[in-house]
Amino acid sequence: MNKAIPKTKLVISRRFDAPRELVWGAWTNPEEYKKWWGPKDFSCPHCEIDLRIGGKYLVCMRSSEGKDYWSTGTYDEIIPQKKLVFTDSFANARGNVVPASYYNIEGEFPLMLKIVLNFEEINTKTKITLKHIGLPKGEVMEQAKMGWNQSFDKLADSLTAV
C-alpha cells in the first residue's frame, strides 16, 4: 500500500538567539507556530497541534495570492525541548492525506515524509538541526531547502519579538 519513506534527506542546522524553551514553544504552541510557519510571502492562518505520541498536527500555509497548502502528520517521538520526530504529508483542509499532485506538484513524490528536529542548547542560544527525510532530489529538494530557510528566518524574527 504505502511505500517506505525514501532515504534521501535535506539537513539544515540553524542557531537562534533564544533559549531552547522559547524555540521549542514556537514548534509546539499553535499560536506561536502561526507567527512564523511558511516561506517569506506565506502566512499560516490555521494550526492544530496534538503534541503526544500518535497525536496529529494539521497546518495551513497560505500564499500571498491566497492559495492554501495543507499538511498533516503524526508525532512519533517527543523528548521535550530536545527532539521531535513526526511524519509529514500533504493534506486537504479536513486533514486527509492527499498526493502532491493535489497541489499540482509533478513527479514522483511519496505520500509520507519524515521530519526529525533536534534542539540543542548552547549557552542562552538554541541550535536546531532539521532532517526532512524522503524529499525527491532535484528541484523539489531545492525548493524545500529555500522554504525551510525562509521559515527559519521568520522563526528567528518571531523569537526576537518576544
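Dividing the C-alpha radius of gyration of region 15-106 by 2.2 N^0.38 Å, with N its residue count, gives 1.12.
Taking all Cα pairs closer than 8 Å and separated by 6 or more residues, the relative contact order of the chain comes to 30 percent. Shown in residue order for region 47-58 are the 3J(HN,Hα) couplings computed by the Karplus curve 6.51 cos²θ - 1.76 cosθ + 1.60 at θ = phi - 60°: 8, 10, 9, 10, 7, 7, 4, x, x, 10, 10, 9 Hz (x for Gly and Pro).
Residue separation of Asp76 and Lys145 scaled by 0.36 nm, minus their Cα-Cα distance, works out to 22.5 nm of gained length. Counting only Cβ charges, +1 for Lys and Arg and -1 for Asp and Glu, the dipole size of region 3-96 around its Cα centre is about 340 debye. Taking amide hydrogens as placed 1.01 Å from N in the peptide plane, the amide H of Lys9 sits under 5 Å from those of Gly134, each at least 5 positions away in sequence or on another chain.
Of the residues His46, Trp148, Ser13, the one whose Cα sits farthest toward the positive end of the charge dipole of the chain, with +1 on the Cβ of Lys and Arg and -1 on the Cβ of Asp and Glu, is Ser13. Under a model in which nothing but the beta-carbon of Lys, Arg (+1) and Asp, Glu (-1) is charged, the chain shows a dipole of about 380 debye around its Cα centre.
Length, then width, then depth: along the principal axes, the Cα atoms of the chain run 44, 34, 30 Å. Taking each of Lys83/Lys137; Lys35/Lys127; Lys7/Lys154; Lys9/Lys145; Lys35/Lys114 in turn, the alpha-carbon distance tops 21 angstrom for Lys83/Lys137; Lys7/Lys154; Lys35/Lys114. Taking the C-alpha atoms only, the angle from helix 139-160 to the longest principal axis of the chain is near 30 degrees.
Every read-out reported here was derived from the displayed coordinates using simple, explicitly stated rules and does not represent laboratory data. Bear in mind that the values here come from a model prediction, so they are computed numbers and not experimental data. Positions of Cβ are generated from backbone atoms using ideal geometry, with glycine treated the same way; all protein chains shown enter the neighbour counts.
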